[in-house]
Amino acid sequence: QGNFDIDVETNTKDEIEELSNSLKIMADSIEKKNVMQRDFIANVSHDFKTPLSVIRNYSEAIYDDILGEKDKKEYLKEIIKEVDRLNLLVMDILQLSKLQGGIDILKKENFNLTEFLQDFENSFRIQLQNKNLSLKMKLLDSDIDIYADSNYLYRVIYNFIDNAIKFSPEDGEIELSATKEEQGIRISVKDNGEGIDEKYAANIWERYYKSQKSGGMGLGLAICSEILKLHNFEYGVIS
């Protein structure tokens, strides 16, 4: 009935006590998911409401014929931009739903890891220049192929670097590295931003979660998490 504040204290030292403890853990887990789901719906509503308001207001101004030709074009440009924004939101929600469906949608192939990572230097040239940031590459010298879906993996690394740029101070440095370790290859994106509070760090991969500062609906890292799980790749965050 939505009341998760249950108290079934038992001290029987047997399977009944184990069951009681399990019920408490389950109640806590369901309550947490419920809160995140409510937050997610609130965030989705907010993120849809803003562009819809812009589209309506600008459309009314054009319909009422109170604008000059130059202003009309500017308003129409803004409407197109907001529609594109809505499309991206919808596609992210659908993408996450598809990834969480448990169906293997990956198209894996062998490709060169170093060449793959070097491409990101061009992908972010403008964003880096806008904040006077530098992207430092620390990549492997040897030719190493990776077996993965390059398109989906591109999305993951892209999201990590995009976040690094977003939370980096101007004139900072972002590092993209690949290093050999016992378990295999570690790919990491490091920035010199303020970091993330420890209480938020464990939850950033959750599908409904976003911290107060992050903005948006908190879907980017949830999508990355699902992609990495499908690859059976280990992943994490260190602040």
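The values are calculated or read from the model by the stated rules, or taken from the named source; none is laboratory data. Since the model is a prediction, treat every value here as computed from it, not as a measurement. Positions of Cβ are generated from backbone atoms using ideal geometry, with glycine treated the same way; all protein chains shown enter the neighbour counts. Please note that ligands, DNA and RNA were not included when accessible areas were found on the heavy atoms of the full protein model with its side chains. Shrake-Rupley method; radii C 1.70, N 1.55, O 1.52, S 1.80 Å.
Observations, loosely collected:
- Segment 77-91 residues that are closer than 22 Å to residue 41 by Cβ, paired with ones that are charged (D, E, K, R) and open to solvent by less than 50 Å² (accessible area, probe 1.4 Å) (beta carbon under 8 Å, 6 or more apart): 89/47
- The helices (runs of 4 or more DSSP H) falling completely within segment 24-129 that include 2 or more residues that are touching a helix residue (DSSP H, G or I) at 6+ places or on another chain (Cβ under 6 Å) map to 69-99.
- The one condition in (1) at pLDDT 85 or above; (2) open to solvent by less than 80 Å² (accessible area, probe 1.4 Å) that residue 57 fails to fulfil: (2)
- Of the residues making up segment 184-198, those that are part of a strand (DSSP E or B) and of a type outside the set (Ser, Thr, Tyr) are 184, 185, 186, 187, 189, 190.
- For segment 130-168, the tally of residues that are part of a loop (DSSP other than H, G, I, E, B) and not small (Gly, Ala, Ser) stands at 10.
- Scanning segment 130-150 for residues that are at pLDDT below 90 and either open to solvent by 80 Å² or more (accessible area, probe 1.4 Å) or in contact with an Asp or Glu (Cβ under 9 Å, 6 or more places away or on another chain) (or both) yields 130, 141, 143.
- Scope segment 3-62; condition among the basic types (Lys, Arg) and either within 30 Å of residue 204 (Cα to Cα) or under 34 Å from the mean Cα position of the chain (by Cα) (or both); matching residues: 24, 32, 33, 38, 49, 56
- From the options 20, 53, residue that is within 27 Å of residue 219 (Cβ to Cβ), free of Cβ contacts under 8 Å to residues at least 24 places away in the same chain and small (Gly, Ala, Ser): 53
- Residue, modelled with the highest pLDDT, within segment 182-191, restricted to residues that are open to solvent by less than 80 Å² (accessible area, probe 1.4 Å) and more than 16 Å from residue 163 (Cβ to Cβ): 185
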